[in-house]
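Read through the structure below, which is laid out as structure tokens, and then see the notes.
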Amino acid sequence: MAPKGHFHRPCVILPSGFWFRRCFHPKRTFTAALVCALYFFFTQVGLSQRSPTWIIAGRNQVNPKGVLNLGLLNANSAVPTRSNVVYITLKSKRLKPSNIRGTVRPKLRRKARRTTHPHWNIQDGTGAEGPVSSIRIYSRSPPPWLSARDVGTMRALAGAKVLSVQHQPTQEAPWPLLVFEGTRPEDGNAACGLAHGPADSVEVFAFHLDRVLGLNRTLPAVNRKLTFLHDGQPSPVVAWEGPLYPDGVILTWAEYQKSLKQRCWIGNIAPRPESGCSVIHHYEWSRLALFDFLLQIHNRLDPSCCGFKPRQQDGCHQPGRHFECEQRDSIRLANVVHRRDNPHRLVLTVNKGFFDRNEDNLDFMLLEGIKELPEHAVSILRSGRLREKLLQSLFMDQTYWESQGGRLGIDKLIDVVECRAQVLLTYANGHGIRTFHMTE
């Protein structure tokens, strides 16, 4: 019996078998029971859901904020507890190696590409890993009109390292002389070159035109960027041969016309001393006239510009020109060059041509006295394949090709030459000029 004024307080019987007397209010008792029940429920569910099969494969992704997206879960999916969060964090960390591998691969590719582009030498633009040439050949062999020696010289001029530069040019060679690696200037076959200015890029076109037509009288020329000359602009470098200078042929216009009539050295017969012949073979003048007319090079046969109306940009635009042309028989030919070991054969140097001269202002004085033209060259002009061959040949010189504006710019230059070729063929028919086979 409880004392008066007291009431019985319920006790909680614990499973351990001992009594624990705890008195509390009914509301507190209900709250405590609910907390215990929820704790028991979530503990059991959490233990049963630690299996990794509840994560949907392929949908675990980390959003930009670093929170894992569990993907689309069904209604029976359990809510992850703190222990599950630890597991998901570990899974997300396992994705990092794949991300790292993804960033390593581009670096490897960049390193591989870097090996194809060598570091440029400040002095002459030559690669530190060896010679770099802009001459490109995509077939098994170069075009048939280019010899192996031509291609070898072109590669040397375009990519060989420059060892020295002679800054004291002579009157016969007024351009800086470049001495390339592995060559000697005193060697007749050395790969040395004269560095012309950017405005003389026609030298490259002239070389390829000469080879396409089968004349084979010019020296190889390529375009090249040299950091120590012309501010690195693409400029022609023309092969130089020691035996060419300072030998030359001195003839007046009258003497030149007389030698054409004499047909000097035809049949390899030495002319009589009183004939007035020079050492140049008769057929060489035919090659020269055809070549100079197509490019309108006047500085050899017409140095005073008597055969056309000169412009301001022409070097012979001067006050005394008209008087000289009235006495043109006494005008001396210029730049008539030959080799010491082969004096009968011309070497066409300083090929300063013009593409901007109108068809109504062409220099026909270049064709005076010419009665024959080389058959092979004329056949190419008539065949309509001049453009095809020139494109194939000029494409080899990548620096020149790009400096002229690519295919569009090269086509414009060929358009001019093709028009002049038609004029030349018409002139030849009208003046009874015949063609015949000319040997080397």
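Given the pairs Lys371/Lys412; Lys261/Lys389; Lys261/Lys412; Lys352/Lys389; Lys258/Lys309, which are separated by over 29 angstrom at their Cα positions? Long pairs (Cα-Cα over 29 Å): Lys371/Lys412; Lys261/Lys389; Lys261/Lys412.
Using Cβ contacts closer than 10 Å as the measure, can you line up Phe291, Phe395 from fewest to most? The partial results should precede the final answer.
On the way: Phe291 25, Phe395 18.
Going from least to most buried by this count: Phe395, Phe291.
Rounded to the nearest 20 debye, the dipole size of the range 148-436 about its Cα centre is 500 debye, using +1 on the Cβ of Lys and Arg and -1 on the Cβ of Asp and Glu. Remark: the Thr227-His344 segment gains 38.2 nm on full extension, using 0.36 nm per residue and subtracting the alpha carbon distance. Positive-end ranking of Trp240, Ser275, Thr252 along the dipole of the range 229-281, with charges on Cβ about the Cα centre, is headed by Ser275.
In the range 313-362, which chymotrypsin sites (Phe, Trp or Tyr not before Pro) fall in coil by DSSP and have 15 or fewer other Cβ atoms within 10 Å?
Details: sites: Phe323, Phe354, Phe355; in loops: Phe354, Phe355.
Passing both the DSSP loop test and the Cβ count: Phe355.
What number comes out for the charge environment of Arg321, summing +1 per Lys or Arg and -1 per Asp or Glu over other residues with Cβ under 13 Å away?
Numbers: positive: Lys309, Arg311, Arg328; negative: Asp302, Asp314, Glu324, Glu326.
Here the count lands on -1.
Over the C-alpha trace of the range 274-372, radius of gyration and Dmax come out as 14.0, 43 angstrom.
Note on Thr435, Thr399: ascending count of other Cβ atoms within 10 Å places them as Thr435, Thr399, the fewest first.
How do Lys412, Lys371, Lys161 rank when sorted from fewest to most other Cβ atoms within 10 Å of their own Cβ?
Lys412, Lys371, Lys161
The simple spin-label model puts a point 7 Å past each Cα toward its Cβ; for Gln422 and Ala148 those points are separated by 4.2 nm.
With Cβ to Cβ distances under 13 Å as the rule, what net charge do the other residues near Val212 carry (K, R +1; D, E -1)?
Values: positive: Arg211, Arg217, Arg385, Arg387, Lys389; negative: Asp150, Asp210, Glu388, Glu418.
Result for the neighbourhood of Val212: +1.
Over the range 148-436, the pair-distance histogram of Cα-Cα distances with 5 Å bins from zero comes to 1, 5, 11, 16, 18, 17, 15, 10, 5, 1, 0 percent, rounded to whole numbers.
Can you give the FRET efficiency to the nearest 0.05 for Asn361 and Arg140, using r as the Cβ-Cβ distance and R₀ = 60 Å?
0.85
Given +1 at the Cβ of Lys and Arg, -1 at the Cβ of Asp and Glu and no other charges, the dipole of the range 192-307 around its Cα centre is 320 debye to the nearest 20. Considering only Gln318, Asn342, Phe354, the residue lying farthest towards the positive end of the dipole of the range 304-363 is Asn342, judged by Cα position with unit charges set on Cβ.
Modelled label-to-label distance, Leu163 and Gln312, 7 Å Cα→beta-carbon offset: nm? Spacing of the two 7 Å Cα→Cβ label points: 4.6 nm.
Each of the peptides 329-336, 212-219 was scored by the mean count of other Cβ atoms within 10 Å over its residues; in descending order, highest first, they stand as 212-219, 329-336.
Per residue, the average separation of C-alpha pairs within less than 8 Å and at least 6 apart gives the range 148-436 a relative contact order of 19 percent. Spacing of the modelled spin labels on Asn216 and Ala270, each 7 Å from Cα toward Cβ, amounts to 2.7 nm.
None of the figures in this text is laboratory data; all of them are computed from the coordinates on show. Please read all numbers here as calculations on a predicted model, not as lab measurements. Positions of Cβ are backbone-derived with ideal geometry, glycine not excepted, and every protein chain shown enters the neighbour counts.
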